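This report refers to the structure that appears directly beneath it.
The values are calculated or read from the model by the stated rules, or taken from the named source; none is laboratory data. From a predicted model like this one, the values you see are computed outputs, not experimental measurements. So basically every Cβ, Gly included, is an ideal-geometry build from the backbone, and we count neighbours across all protein chains shown.
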Amino acid sequence: MMIAKRVLAAGLLVALACTAAGCTWFKRQMYEGFGRDGWQQPDRVVRSLALEPGDRVADLGAGGGYFTFRLAEAVGPDGRVYAVDVDQGMLDHVAARAAQDGVRNVETVLATPTDANLPPGGVDLVFTSNTYHHIEGRPAYFARLRSALRPGGRVAIVEYRPQGFFQSIFPHSTDDATIESEMRAAGYELVQRHDFLERQAFLVFAPAAG
C-alpha cells in the first residue's frame, strides 16, 4: 500500500510539473538527474569509448543531450553525432542548444519506437544510456540496427541495474545477463565490459562474426 501511494504521488508530481513548467523542461531535469555528473562519470564513459576524430556516433535516446555534446566534442568537427529520440520536444531542445553554442556536428533524428531512422552503414558507434529498458522487442530492434553500423562498428549500452529503492518502484532497469542474452539473440558478441559505474552496466558489443 505504501509503495502504491508513493507511485501515485510520483505520478501526480510528474503531471503537475508538466502542467506548470512544460513536459520538455521536466523531462530534461529527470534525464539529467540529481548530482548525475558524480555517479554517471560522463567524461570517463566517453573516454572509455576510445572515439577517433571524424567518427560518426548515434546517441540513441539522446533526451536532453546529456551525452550528445560530450560525444560531439570527442569526435571533433569532422565527426558527427546523431541525437536520436522519439520525443520531438527533446530534439528541439538539443537543436536549440547546438545552435546557441555553435555546435555544428550534431544532427537530430526523430525515431519511431521500432526504427532509429539511421542511415545504412552510417555510424561507427551506437551509444545508448538509460534507454535500453524502454525499447520493446529488443533482439529484433538491435538486429535491424546492425545495418546502420560501419565495418568495425560497435554498440555501447549503459543501463541501470535493478537495485535500490528507486528501481523497486520505477523498474527502469535491465540486468546484465538479460542484456547479454538479448544482444546475442540480435547477432552481437560482447567485446568489452566496464565496471567503474556503481549503478549501471556498461557493455560494448560488436556484430558477431559470420
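Descriptive notes on the structure:
- Pair list, Cβ < 8 Å and 6+ apart or interchain, from the stretch 169-190 residues that are charged (D, E, K, R) to residues that are modelled with pLDDT under 95: Asp175/Arg161; Asp175/Pro162; Asp176/Arg161; Glu189/Ala209
- Residues that are of a type in the set (Asp, Glu) and either touching a Ser or Thr at 6+ places or on another chain (Cβ under 8 Å) or under 22 Å from Gly153 (Cβ atoms) (or both) were ranked within the stretch 91-127; the one that is surrounded by the most Cβ atoms within 10 Å (Cβ to Cβ) is Asp124.
- If you check Val103, Val46, Val94, Val75 for being under 13 Å from the mean Cα position of the chain (by Cα) and without any contact (Cβ under 8 Å) to a residue 40 or more places away in the chain, only one passes: Val46.
- Here Pro53 does not qualify as modelled with pLDDT of 50 or more and either more than 26 Å from Ala206 (Cβ to Cβ) or within 16 Å of the chain's Cα centre (by Cα) (or both).
- Residue within the stretch 193-208 that is at positive phi, at pLDDT 95 or above, in the same structural domain as Gly54 (by TED's automatic domain parsing) and outside any helix (DSSP H, G or I) present: no
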